[in-house]
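As structure tokens, the structure follows; a few thoughts come after it.
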Amino acid sequence: MADHFPEIPHDQSLIEYPSKFPIKVMGLNVDGFVHAVTSVAERFDPTFDATTVELRASKADKYLGVTITITATSREQLDEIYRTLSTHPMVKMVL
């Protein structure tokens with residue numbers, strides 16, 4: 001499997017940079033999960049505003065969905081934040 005996505009010419013990108021870009025992260029509803037997710041967001045977006053975070057617990061309250069909205073500045077930035085979140089031990093899924 002390739003380590004990166006194929007390069008998309010700028011004029012064919014569906015995202016116009018910079019733009020607000022929501023990312024949904026799911027994991028177990030445990031202490032520290034939200035902080036772990038927002039710490040990653042802050043690392044990749046210095047303008048990240050933690051007051052915009054949206055939380056949604058599962059029906060049984062076992063899992064938590066955390067939606068962060070970052071300012072996307074490039075495809076490379078998005079690839080790296082998805083890679084970092086996907087490999088975090090507290091994260092089950094990133095959409």
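Odds and ends about this structure:
- Selection within region 15-49 - surrounded by fewer than 18 Cβ atoms within 10 Å (Cβ to Cβ), in contact (Cβ under 8 Å) with a residue 24 or more places away in the chain, of a type outside the set (A, V, I, L, M, F, W, C) and not in a helix (DSSP H, G or I): TYR17, PRO18, SER19, LYS20, PRO22, LYS24, ASN29, GLY32, THR47
- Residue pairs meeting the criteria (Cβ under 8 Å; at least 6 apart or on separate chains; first free of Cβ contacts under 8 Å to residues at least 40 places away in the same chain, in region 64-83; second among the hydrophobic types (A, V, I, L, M, F, W, C) and not in a loop (DSSP other than H, G, I, E, B)): LEU64/MET26; LEU64/LEU28; LEU64/PHE33; LEU64/VAL34; LEU64/LEU55; LEU64/ALA57; GLN77/PHE44; GLU80/PHE44
- When the residues of region 50-64 are filtered to those that are over 19 Å from MET90 (Cα atoms) and β-branched (Val, Ile, Thr), the one that is surrounded by the fewest Cβ atoms within 10 Å (Cβ to Cβ) is THR51.
- Taking the criterion of being touching a helix residue (DSSP H, G or I) at 6+ places or on another chain (Cβ under 6 Å), over 11 Å from ILE23 (Cα atoms) and not in a loop (DSSP other than H, G, I, E, B), the residues of region 78-95 that qualify are THR84, VAL91.
- Looking across region 65-77 at every residue that is closer than 17 Å to MET26 by Cα and out of contact with any Lys or Arg (no Cβ under 7 Å at 6 or more places or on another chain), the one that is surrounded by the most Cβ atoms within 10 Å (Cβ to Cβ) is identified as ILE68.
- Checking each residue of region 52-75 against the condition of being at pLDDT below 95, of a type in the set (D, E, K, R) and part of a helix (DSSP H, G or I) gives at least one match.
The values are calculated or read from the model by the stated rules, or taken from the named source; none is laboratory data. Keep in mind the model is a prediction, meaning the values are calculated, not measured. Heads up, the Cβs are rebuilt from the backbone with ideal geometry, glycines too, and the neighbour counts pull from every protein chain shown.
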